[in-house]
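First up is the structure itself, then whatever we jot down about it.
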Amino acid sequence: MTDHSSETTITNDRRIGFALLRIMLGINMFGRSLVRIPQLDGFASGMADSFADTILPGSFVYVYAFIIVFTEAVVGLLLILGWKTRWALITMGLLLITLAFGQILQQSFGTVANILIYAIAVSFLLFNTKYDHFGIERGFSFKQKR
């Protein structure tokens, strides 16, 4: 037999852990976009130049750099707020896949490994969305919701 208060504590700890990781990923994504937006054209041009020796056309990479920055901003904000978390995590996972593909084309396998760590965190959160409790969408209280 399990004590109800210890079950509640375990559930709350899982909810807190989910929120901490969700917010950390959100801050990371949102922060990346914040530092890139003021120099967006330079960021996009630099990305296009860095892919010059790959199969991707520079114009595509240039435009995609803008998409990356604005996607990071939206996803980051959603994760920080705890709103549309599942959608934000799926979007982040898809973005990570595209970033990994680009890094593979550049043969930056160390960066691909770093992206994989983010993908594991995103997958972990997706596997555990039942613990997504602290945020705009679910409320902020420690009370059990039925």
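Placing +1 on the Cβ of every Lys and Arg and -1 on the Cβ of every Asp and Glu, with no other charges, gives the range 4-131 a dipole of roughly 480 debye about its Cα centre. Listed from fewest to most Cβ neighbours within 10 Å, the set SER45, SER33 follows the order SER45, SER33. In the range 60-131 the Cα-Cα distances spread across 5 Å bins starting at 0 as 3, 16, 24, 24, 18, 9, 4, 1 percent of all pairs.
Reported value for the range 4-131: 96 Å³ per residue, from the convex hull of its C-alpha atoms.
Read-outs throughout are calculated quantities, based only on the coordinates presented, and are distinct from any laboratory measurement. If you're wondering where the values come from, they're calculated on a predicted model, not measured in any experiment. All Cβ positions, even for glycine, are placed from backbone atoms using ideal geometry, and neighbour counts span all protein chains on display.
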